[in-house]
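Take a look at the structure below.
The values are calculated or read from the model by the stated rules, or taken from the named source; none is laboratory data. It should be emphasised that the depicted structure is a prediction, and the values quoted were computed from it without experimental measurement. Cβ sites come from the backbone with ideal geometry, for glycine too, and all protein chains shown count toward neighbours.
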Amino acid sequence: MKYDTNYYQERALKNLDRIDELLQTLPPFCEDFLRGVENRTSPLTRLNYCYDLRIFFDFLSKRKFRGKEVREFTLEDMERVTDTDVEIFLSYLSNYRFGEKRLSCDERAKARKLSTVRSLFKYFFNKGLIEVNNTAKVSTPKLHDKEIIRLDSDEVNAILDVAEDGSGLSAHADSYHEKTKVRDTAILTLFLGTGIRISELVGLNNGSIDFKTNSFVVTRKGGNQALLYFSEEVGDALGAYLAQKEEDSRVEDNSSQAPLFLSMQYKRITVRAVENLVKKYAKIVSPLKKITPHKLRSTYGTALYRETGDIYIVADVLGHKDVNTTRKHYAAITEERRRSVAGAVKLHKKEDD
């Protein structure tokens, strides 16, 4: 079956339009750089490059080439950028102003911006258009392991209960809970029962689901499609939501190519709306944890690894290209398993053994 990819095409086109807008605020040679990396990057990656480069050139305009307009920068100016300048830039990112906003980057945001700047300089250096690339001399900021935040089993039960019965919701949220509870329960159950990404969930169509095999098709990062499977519990939640849609006269299109999850306006639900609904329910059951859709993905990955002990199947199901990414995220569970068997081997047997 061929699945509709309009959602992803539309998203890519919006990103390309935004890239065109941002290029008008960057030095002209940035367009050559983005064109040069186009075949190996997604529009979203290139859009993030633009955001990072906008900050970098604003810094150079303020600190290195004081008063020089960003659009006036040339590749000759880039050859004058030293490794010390880049190190100062990384320090500057701890507390800086861009436009009217005061901003701050953590170590991961700094590392990403450094990676973008390195990519720019490396591209022109490899092309022979600049003679020096001092960014290669700058060390990447040390990245500390982040604590993996996830829901425990009791909290998983609780968040699904709240979605179903609305207990604990504010008066405002409770006023329209009856209209959204079946959809919201299906969304939370799908996150917690399959570990898919939020973009994968938002991009699902009615025809993405096959109840005969309890499987569904998702579009992964980079545009590749993958076939995943779900449990009977997930299937029940999805089936209840689809049945509700069939009975709702305001749903204009129930074809296989129509969006699976709809907003209150009967359009494809947005990433922001899904983030908000997860936050709404999570703060009731676990107010001290900042639970996002990605944390629900981590919750599933943790549960799957505990049940199987197979890091490779977890990596495959979650769509990690590198199993080391999975191992890094779930290393704490490995430590738990090692600790649990520490006393399994007895060196001295008791007399009654």
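Filtering region 197-216 to residues that are surrounded by fewer than 20 Cβ atoms within 10 Å (Cβ to Cβ) and either among the polar types (S, T, N, Q) or touching a Ser or Thr at 6+ places or on another chain (Cβ under 6 Å) (or both) leaves SER199, ASN206, GLY207, THR213, ASN214, SER215.
Please find, among TYR300, TYR305, TYR266, the residue that is buried (at least 19 other Cβ atoms within 10 Å of the Cβ) and either without any contact (Cβ under 8 Å) to a residue 12 or more places away in the chain or closer than 21 Å to ALA163 by Cα (or both). So the residue among TYR300, TYR305, TYR266 that is buried (at least 19 other Cβ atoms within 10 Å of the Cβ) and either without any contact (Cβ under 8 Å) to a residue 12 or more places away in the chain or closer than 21 Å to ALA163 by Cα (or both) is TYR300. For region 19-41, what are the residues that are surrounded by 15 or more Cβ atoms within 10 Å (Cβ to Cβ) and either within 21 Å of the chain's Cα centre (by Cα) or basic (Lys, Arg) (or both)? Selection gives ILE19, THR41. Assigned to a helix (DSSP H, G or I), closer than 30 Å to PHE261 by Cα and not assigned by TED's automatic domain parsing to the domain that holds VAL202: does that describe ASN15? So ASN15 fits the description; yes. The numbered conditions (1) crowded, with 17+ Cβ neighbours inside 10 Å; (2) modelled with pLDDT under 95 are all true for VAL86 except (2).
Yes/no matrix, rows are residues, columns are (1) surrounded by 19 or more Cβ atoms within 10 Å (Cβ to Cβ); (2) under 15 Å from PHE57 (Cα atoms); (3) touching a residue at least 24 places away in the same chain (Cβ under 8 Å):
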site: GLU107; (1), (2), (3): no, no, yes
site: LYS113; (1), (2), (3): yes, yes, yes
site: LEU120; (1), (2), (3): yes, yes, yes
site: ASN126; (1), (2), (3): no, no, no
site: GLU131; (1), (2), (3): no, no, yes
site: THR135; (1), (2), (3): yes, yes, yes
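Each row is one residue, and each column tells you yes or no for (1) at pLDDT 95 or above; (2) within 17 Å of ALA273 (Cβ to Cβ); (3) out of contact with any strand residue (DSSP E or B) (no Cβ under 6 Å at 6 or more places or on another chain).
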site	(1), (2), (3)
GLY128	yes, no, yes
SER153	no, no, yes
THR219	no, no, no
ASN224	no, no, yes
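When you check THR194 against the structure, is it surrounded by 18 or more Cβ atoms within 10 Å (Cβ to Cβ) and closer than 19 Å to ALA273 by Cα, yes or no? Answer is no for this residue. Of the helices (runs of 4 or more DSSP H) lying entirely inside region 250-334, those containing at least 1 residues that are within 17 Å of the chain's Cα centre (by Cα) and of a type in the set (Ser, Thr, Tyr) span 293-308, 323-329.
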